[in-house]
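S.K.: Okay, here's the structure, questions in a sec.
Taken together, the values in this text are just the output of simple stated rules run on the coordinates, not laboratory data. Computed from a prediction, not measured in an experiment: that's the story for all the values here. No Cβ is skipped: glycine too gets one built from the backbone with ideal geometry, and neighbour counts run over all protein chains shown.
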């Protein structure tokens, strides 16, 4: 595919990516416009709401201004002022990142990968600007520069990573920029590169394990609180179509809830409003929005809540122990207790950064007044995660032997060595033997190929003394046989 074809393909991929994300929000809102409002309201209102939701889903700050009558009837302090929503509905961002990853794999198959990445990212930036401009009104004001940058980053970074991974797996040469980065990394001493690589692997694995457990916890809480969730749905009086739209909105925030559960497992927990706290130690809640999903929140602390803090501890110890052989092999002659300890520290730092990033992405402002503080505190969560993963990883790496070792088959081990013998030597050896087989061998019966001798060395896990006694027995037996044959 030539450069122009790659650019066209990238533009199509970008349009489809943005279209899918917008369609997820636009379809239920359009159904709501048709069935609940009977087409009596301008559709432009629902388009602006769709654009605002899509922008919020990528982390774009959007300011909402409620009407004076609605603000007074809400009874919420600060409702008359502009409401800044900064809590990202990460479901839309994950959809963009997933589709961008698929596009990146296609870009890797072309000869003009850089062109595809630049064009695709640029088109997403332009579309983000168009969505922001079309969503502006007296009631909604998105931040324009964020609308240009943030959706483009959610597309460009996953596309770049997946395309580079695909090229490396296929053995294709790196592009000039990546090549320069790799050249700079090659200048770093081998020991430090091994420590950094171990930290990235172990820290990422531990963080992924904690996030996976957090997802299971969220699913379990929703299942266990099913009755309360349904009760909140009934109190909302949203109807069928409104319930569908409400469900889609809550699904868009599902990654945020997993991020909150991750912070809960780490220990500091999260807040739903200023002065509130949800942690393994206890739960303190004030007035919260009547979203059905909030019915799954624990009403109070659990007697064994701190046991859940063992999840990141076990994840850190397991990742350090399972990846210890790889670190030892990479260090080679530089393997020492100090270098292994530094590997554990690196794993803790990586886990702290990644967990803090998850907490930061799932925090922000969700409404007026006390709802301006929602989600976990990124720095506190990251610091706790670094300690809870790093210290167990150091302990696992300080172990004297690997936690996982492949079993050795000492009871039956055979080694085959093939040697090419000279036919003259074989005939001379056969002449020394007076058996019938030797006579046939001297006559050349059945000899069609060169002679290959296989020497089998078999070990049965016996001790050295047993092996010596076995060799003496074989030697004596051979001498007896020779005497008998003579």
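S.K.: Taking 0.36 nm per residue of separation and subtracting the Cα-Cα distance, what length does fully extending residue 212 through residue 310 add?
M.R.: Full extension from residue 212 to residue 310 adds 33.8 nm.
S.K.: Peptides 115-123, 337-345: what's the order by average Cβ count within 10 Å, highest mean first?
M.R.: The packing order, highest mean first, is 115-123, 337-345.
S.K.: Between rounded, prolate and oblate, where does segment 132-262 land on the alpha carbon gyration tensor, with a ≥ b ≥ c its root eigenvalues, rounded for a/c under 1.5, else prolate if a/b exceeds b/c?
M.R.: Cα axes put segment 132-262 in the oblate bin.
S.K.: Same structure, new question: R0 = 45 Å: FRET efficiency of residue 235 with residue 161, Cβ-based, nearest 0.05?
M.R.: Step by step, r from the Cβ atoms, then E = 0.55.
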